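Taking it in order: structure first as structure tokens, then the write-up.
Each value in this text was obtained by applying a stated rule to the coordinates, not by laboratory testing. Keep in mind that this is a model prediction, so the values were computed, not measured. Cβ: placed from backbone, ideal geometry, glycine included. Neighbour counts: every protein chain shown.
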Amino acid sequence: MKCLVIYYKNGFMERENAKVDIEDRGYQFGDGIYEVVRVYNGKFFTLDEHLARFVRSATELHIKLPFTVEALTNLLEQLVEKNELINGYVYIQLTRGAADRIHNYADNLEPVLTMYSTVRERALSDIENGVDVYLHEDIRWLRCDIKSLNLLPNTLANTAAKNKGGHEAILHRGEIVTEASASNIFIVKNNELVTHPANNLILNGITRGKILQIAEDLKIPVKEEAFTIEELFAADEAFITNTGVEIGPINHVDDKAIGTGKPGPVTRKLQKAFEALLPS
């Protein structure tokens, strides 16, 4: 459920009063960026990291931020307060703005900022019981490190997985596993974590970064290197990470069990450490 008060363009308003220009480049070209930030017990989690990535994405696409990070933080705090949000998400979107529909863009466009909140409880069943996933060819562009609005390949892959009864689509370029349609993926082999390096082929997830920090604290070895579909099937454990599912154990890939087909001990250890970081 979305909350009623949103921020659009230049101020707070009722959601029903927001109108998107038909020539907004976000609407016509997917020319924009976004972030989704989790709120637990009325408090933001990893907000600084999300906003840092938001700034990076804007810089990479040459979109001018209309506010400083400090100002954005203040607006987000107001949004949570106005909607009395306890548990859920805050969505932040910035498009390049409205202009005549031509492919090239001018430097003087006025970016359009949209922010709203959604009430959402934690996905405790997925966290506790694990999920099933399906493989899907990665057909995205070569700048997956930018959190842009261009998500059509992701939505096609995710829907294909959901239509098979799965939770997520695990993406691969040939034999190399990259990430998932809305998540990063880790495998565990001989008590060591392996995950694709944070290059242009994946989005460097905020939760992914937390897992790397936790693993270092727990002295769990980590390899940031590409792994294959065959190595995924041969893993002792596997899990996906994102803002929503946090750490979601993978039970089956394409109906084949990973390890025992149940959440494994390394995954459980990481989940416990992650839980301790959440705002109370």
Trypsin sites (Lys or Arg not before Pro) within the stretch 94-138, DSSP loop, no more than 16 other Cβ atoms inside 10 Å: 101, 120, 122
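Given R₀ = 41 Å, FRET efficiency for residue 217-residue 100 by Cβ-Cβ distance, to 0.05? If you can, show how the numbers build up before the last one.
Working: r = 52 Å, r/R0 = 1.28.
For residue 217 and residue 100, the calculated efficiency is 0.20.
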Qualifying lysines (Cα of each under 23 Å from Cα of residue 9; at least 8 residues distant if same chain): 19, 64, 82, 147
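Pulled fully out, how much extra length does the chain show between residue 87 and residue 60, if you take 0.36 nm times their separation in residues and subtract their Cα-Cα distance? Write out the running numbers ahead of the final one.
Values: separation 27, 0.36 × 27 = 9.72 nm, distance 3.14 nm.
Answer, rounded to one decimal: 6.6 nm.
List 114, 159 from most exposed to least, where exposure is judged by having the fewest other Cβ atoms within 10 Å.
By the 10 Å Cβ count, ascending, the order reads 159, 114.
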In degrees, nearest ten, helix 69-83 long axis to first principal axis of the chain (Cα): 90 degrees
Selected from 177, 201, 235, residue furthest toward positive end of dipole (the stretch 125-275; charges at beta carbon): 201
Crossing angle, helix 152-163 versus the chain [Cα axis fit, 0-90 degrees, rounded to tens]: 50 degrees
Qualifying chymotrypsin sites (Phe, Trp or Tyr not before Pro) for the stretch 51-117 [loop in DSSP, other Cβ within 10 Å: at most 13]: 67
Under 28 Å from the Cα of residue 262 - lysines, other chains or at least 8 residues apart: 162, 164, 189, 210, 219, 223, 272
Fewest-first ranking of 64, 219, using other Cβ atoms within 10 Å as the exposure measure: 219, 64
For the stretch 117-163, size of Cβ-based charge dipole, Lys and Arg +1, Asp and Glu -1, in debye: 260 debye
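Counting each DSSP H run of 4 or more residues in the chain as -39500 (n - 2.57), what helix-only mean residue ellipticity at 222 nm follows after dividing by all residues, to the nearest 500 deg cm²/dmol? Show your work: numbers first, answer last.
Values: 8 runs with 80 residues, N = 280.
The helix contribution divided over the chain gives -8500 deg cm²/dmol.
Using the number of other C-beta atoms within 10 angstrom as an exposure proxy, rank 75, 278 with the fewest first.
Values: 75 17, 278 13.
The most exposed by this proxy come first: 278, 75.
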Only Lys, Arg (+1) and Asp, Glu (-1) charged, at Cβ; the stretch 14-173 dipole about Cα centre in debye: 280 debye
Per-residue ³J(HN,Hα) for the stretch 214-220, Karplus 6.51 cos²θ - 1.76 cosθ + 1.60, θ = phi - 60°, Hz, x for Gly and Pro: 4, 4, 4, 4, 8, 6, 8
Linear extension gain, residue 78 paired with residue 28, 0.36 nm per residue minus alpha-carbon span: 15.0 nm
Cα-based shape type of the stretch 142-280, given that a ≥ b ≥ c are square roots of the gyration tensor eigenvalues and the cut on a/c is 1.5: rounded
Rounded FRET efficiency, nearest 0.05, which uses the C-beta distance separating residue 156 from residue 255 and R0 of 30 Å: 0.90
Prolate/oblate/rounded call for the stretch 1-151, Cα gyration tensor, a/c under 1.5 rounded: oblate
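If I stretch the segment between residue 225 and residue 129 completely, what's the gain in nm (0.36 nm per residue apart, minus their alpha carbon distance), one decimal? List each step's numbers first, then the result.
Values: separation 96, 0.36 × 96 = 34.56 nm, distance 2.75 nm.
Gain on extension, residue 225 to residue 129, equals 31.8 nm.
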